[in-house]
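Structure, as C-alpha cells:
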Amino acid sequence: MNKAITDGLVLMPPPFSAGLNLWSREDGTPGSGSYQGQPNAALVTNDQDFGGCLELQKLEATQKLRSFAQTPVQPGLYLRVTARVKAVSGNLPTVRIAAWAGDVSGQNVAGLPQTGPAVALTGYGQVVEVSAIISPASRTGVDMAWSLQSVYAHVGLDLTGANGGVVRIDDIVVEDVTNIFIRKLMDWVDVRDFGALGNGSTNDAAAFLAADAAAQGREILVPSGVFRLNSDVTINSRIRFEGTVSMPANRRLVLTRNYDLNTYGQAFGSELEGFRRALQALFFFTDYVTLDLSGRRVDLVEPIDVAALAGITSFANRRVLRNGQLNAVAGPAWAIEDVTSVATYSASNNTTLTNVANVANIQVGSLVIGTGVGREVYVTGKNIGAGTVTISQPLYAAVGTRSYTFRRFKYMLDFGGFELLSRFELENIELNCLGIASGVMLPMSGSTQRFVSCTLNRPKDRGISSAGTGCQGMFVDMCQFLSNEQALPAVDRTTIALNVNANDTKLRNNRIVRFAHFAIMNGTGHLIHANHFFQGDNETAGVRRAGLVFTQTNVSTVVTGNYVDNCFIEWGNEHDSEPQESGEFSFGGLNVVGNVFIASDTTTAFRWIVVKPYGEGHFLSGLTISANSFRCFGTIVDRVDMVDTSFATLDFTKSRNVRVEGNSFNNVAQWIMNPVQVSHTQNTAAETWNVSAGGFVPFGARIRMVEAVMPDGVITNASNAPRYVFPYSVAGTGTGGREAQVRWGEAVRGKALVTMRMDVPA
C-alpha cells in the first residue's frame with residue numbers, strides 16, 4: 001500500500017534549488033524565519049556527491065531546518081524521512097531527523113516525540129544517511145509515534161553539538177513505507193495502525209473507531225494484547241480478535257457485523273463475559289434483534305441481573321435470545337436470601353404492607369411467606385423512607401400485624417430490575433439449572449414475553465416467576481419443564497414450574513414433569529392447551545397435588561386438549577383480601593373441555609377437579625366440564641370432583657350456567673353430569689313422586705330446576721286406569737336438596753324420564 005500513489009498524497013518537501021525561502025530556520029510554521037538571505041546558508045549547484053545541495057554552517061545550539069510545506073500524516077500511513085549529510089569543515093556536529101507535529105487548528109501537538117535518532121558525523125567528506133519513521137501507530141520501528149490529533153508535519157533535521165562546523169545536505173526525501181509494516185493487498189486493518197497500544201490501561205477507543213472508519217469493507221484485526229475501551233464503541237466493520245478488550249461495566253461494545261457469542265467470547269476472553277456483553281449490547285442497537293448463541297453452552301457462576309447489565313429499566317422493542325444453553329455452576333452467588341420482618345396488613349390497602357421492619361434489606365422480587373398469604377405472592381417494590389412494601393397480590397387472611405419471611409430466589413436470567421420490559425423472547429434455549437438456580441424472573445411490568453421450544457431443566461425453586469405483571473399476554477409454547485424433585489413423593493415437592501399474575505397468557509404444547517405445581521395462575525383470559533403435566537410418584541396410594549391452580553373466582557379461561565396426569569385442577573380465590581362473596585363475580589368463566597385426565601397408584605379420595613372457596617357465599621356462575629376422559633389405573637376413585645371446605649363451602653342455591661356433559665368415566669365409582677337425567681319408576685300410586693339425582697349432581701350440589709318430565713309409557717291410577725294429567729315439579733327437596741318432587745294432582749303410578757339441573761339460566 002502506497003498512499004502517495006493510491007490517494008494522491010504529496011509527501012515530498014520542495015528541493016533546496018526551489019529557493020531557501022521555502023525552508024525555515026525555526027519550526028516551519030507560517031511566519032517563522034526562513035533561510036533566504038541568511039549568511040550561514042547557501043545553495044551549492046555542483047557538489048560531487050549530491051549535485052545541488054544546501055551548505056549550512058551551525059551557529060546555534062540546535063540548528064533547525066524545517067520545510068514550510070505541510071506533509072500529511074494519517075492513520076495507517078507510515079512516513080520515512082531521509083537526509084544525506086556530509087561534514088565539510090570545522091567542528092563535527094550530530095545530525096537527526098526532526099519534524100513539527102501540527103493538529104487541525106495549526107497548533108503543535110505537545111508531548112509527542114518530534115525528533116529521530118541522532119547520528120554523529122565523524123569525518124569530512126563522508127556521506128552519512130539519517131532517517132526516521134513517523135506514524136500515528138505506536139509500533140516497533142516507528143521513531144516518532146504520534147497521535148490521531150496530529151494531521152501534518154513540517155519535516156527537516158536538526159544539527160546539534162559544537163557550533164562552527166559546515167555541512168552539506170542533499171534534498172530531504174519523504175516516502176511512504178507502509179508496506180514495511182502491512183502486506184500489500186491486505187483485506188484487514190490493524191487497530192495498532194491507528195494508535196491502539198493494547199497495554200491494558202491506555203484508552204484505545206479512539207483507535208478502534210478510527211480503524212472502523214478506515215476499514216471501508218475490510219476486516220478489523222485486534223492483535224495480541226489487552227485493549228482498554230473506556231467509552232461506548234460501535235464497530236460497523238467485520239472484526240477479528242487475537243487479543244482481548246476490557247471495558248467498564250457500564251460501557252458497551254457493539255459489533256454490528258459480528259453479533260454472535262463466538263466473537264464476543266473472543267473479544268472479552270471468556271464465554272461468560274462475552275455472553276454478558278453481547279446481551280448488554282442487544283438492548284442498544286437495531287441492526288440485530290436476535291442474539292444467537294450459535295448452539296454454544298455458557299456457564300453461569302452467578303445470576304445475570306439483565307436490567308443492571310443493560311443499564312436501563314424500561315425497554316419495549318422486540319428482542320430475542322436463542323439457540324444455546326445456559327448452565328448453572330455451583331457457587332455462593334446462588335444462595336437463597338431470607339429476610340424476616342414484622343409488618344402490618346389492611347384489606348383497605350390490599351397490596352401494601354406497612355410499618356415494615358428491616359425494609360431496606362427486603363429485595364424486590366422476593367416471595368412473601370406467612371400466615372394468610374396465598375401462593376406466589378411477590379414483592380414488587382419498597383419505600384424505605386415510608387417503611388412500606390408493595391406486593392403482587394392481596395392476602396386472603398392476614399389483616400393485622402404479624403411476621404413475614406421474604407425469600408429471594410436466585411434466577412439464571414433475572415429481569416426483575418426492569419420496571420417495564422415487553423416483547424422479550426427466549427427461543428430454543430436450555431436453562432440447565434441443575435438444582436443450583438431457578439430459571440427466569442420476569443420484569444415487574446410489560447407484555448408478550450415469549451418462551452418457545454425452551455427447556456428448563458431442574459430448577460432449584462422456580463422455573464418462570466412473575467413477581468408483577470410482566471407476564472401480561474405471555475406465550476409459553478413447546479417448552480419442557482423438568483423437575484429437580486422427580487424422586488420425591490408429590491406431597492414433599494416445593495418447586496413450581498411457573499406462575500402468572502396478569503391476563504391473557506397462552507400455555508400450549510408444553511411438557512411438565514413432576515413439579516409441586518405446573519402453574520399458579522391469577523388473572524383472566526388464559527388459553528391452556530395441549531400440555532402434558534404429570535406429577536405422580538413411586539409411592540403406593542400416593543397423595544396427589546394440584547397441577548393447575550387458579551387463584552381468583554372469575555377466570556374466563558379455556559383448558560382444552562391437555563393431558564392431566566396424576567394431578568388436578570384447583571380453583572380458589574386465595575388472592576383476595578376479602579374472600580367472602582360481596583357482590584363481585586363469583587366462580588365462573590372456566591371451560592374444561594376435551595382433556596385427558598388420568599391417575600394411578602393413588603387413593604379412592606383423589607379428585608381431578610377441586611373448587612376451594614376461601615370465604616363464604618360464593619357460588620358457581622359459568623362452568624363447563626365437557627368431552628373429557630377420566631380414567632384411573634389400579635384404583636377405583638369415588639368421583640372426579642369436590643369442594644374443598646377447608647375455609648368455606650359453596651352456596652348451591654345460586655348456581656347458574658353449569659354444563660357437565662359428554663365426559664367418559666373409567667374406574668370412577670360415581671359419574672357426574674348436569675343436567676341429570678333420571679329414569680324414575682313409581683310402582684305405588686302416589687300424588688307426589690320423589691325423584692333423586694343421587695351422586696350424579698356435580699360437587700354434591702342441590703337441584704335448582706326440573707327441566708323436563710317425560711312419561712315413559714302410560715301413567716295409571718291405582719286401578720290401572722290411564723290418566724292424562726300434566727304434573728308440576730318442586731326442585732331441591734330431600735337430603736342435601738338433591739331430589740325433586742313431581743306432583744300429579746292425584747295418585748298415579750308409572751315411569752317417567754326426569755331431567756333435573758343443579759343450576760338455572762343466568
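Where a number appears in this text, it was derived from the coordinates with a stated rule and is not lab data. As the structure is a computational prediction, the values presented were derived from the model and not from experiment. For neighbour counting, all protein chains shown are included, and Cβ atoms are generated from backbone atoms with ideal geometry for every residue, glycine included.
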Listed residue pairs exceeding 27 Å between alpha carbons, taken from Lys612/Lys751; Lys410/Lys506; Lys506/Lys612; Lys506/Lys654; Lys654/Lys751; Lys382/Lys410: Lys612/Lys751; Lys506/Lys654; Lys654/Lys751
Cβ-based charge dipole, segment 676-757, positive-most Cα from Ala740, Phe696, Thr684: Phe696
Charge dipole (debye, nearest 20) of the chain; +1 at Cβ of Lys and Arg, -1 at Cβ of Asp and Glu: 1040
On Cα atoms only, tilt of 205-215 relative to the major axis of the chain in degrees: 80
Average Cα contact separation per residue, segment 483-666, under 8 Å, 6 or more apart, as relative contact order %: 17
Positive-pole candidate from Ile569, Leu434, Gly106, dipole of the chain, charges at beta carbon: Ile569
Fraction of antiparallel bridges per DSSP, the chain only, in percent to nearest 5: 45
Rounded tilt (10° steps) of 271-282 against the dominant C-alpha axis of the chain: 80
Percentage, to the nearest whole number, of Cα pairs in segment 676-757 over 17 Å apart: 40
Additional length obtainable on full extension of the chain from Trp671 to Ser346, 0.36 nm per residue less Cα span: 112.6 nm
Residue order, fewest to most surrounding Cβ atoms within 10 angstrom, among Met247, Met412: Met247, Met412
Neighbour-count ranking [beta-carbon atoms within 10 angstrom, fewest first] of Glu242, Glu26: Glu242, Glu26
In Hz, Karplus ³J(HN,Hα) per residue of segment 739-756 (6.51, -1.76, 1.60; θ = phi - 60°; x = Gly, Pro): 10, 9, 9, 10, 10, 9, x, 7, 6, 9, 9, x, 9, 8, 9, 10, 9, 10
Convex hull volume per residue for segment 140-189, taking Cα atoms only, in Å³: 154
HN-Hα J in Hz across segment 718-733 - Karplus 6.51, -1.76, 1.60, θ = phi - 60°, x for Gly and Pro: 5, 8, 6, 7, x, 10, 10, 10, 10, x, 10, 10, 10, 8, x, 9
Potential lengthening between Asp299 and Thr684 on full extension [0.36 nm per residue; Cα-Cα distance subtracted]: 130.5 nm
Cα centroid separation, segment 411-437 to segment 180-258 (Å): 32
Sequence of Leu431, Leu43 once ranked by neighbouring C-beta atoms within 10 Å, starting from the fewest: Leu43, Leu431
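If I take every Cα pair under 8 Å that is 6 or more residues apart in the chain, average their sequence separation and divide by the length, what percent do I get for the relative contact order?
The normalised contact order for the chain reaches 6 percent.
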Length released on extending from Asp232 to Ala162, taking residue separation times 0.36 nm less the Cα-Cα span: 20.0 nm
Whole-number percent relative contact order across segment 349-389, with pairs defined as alpha carbons under 8 Å at least 6 apart: 49
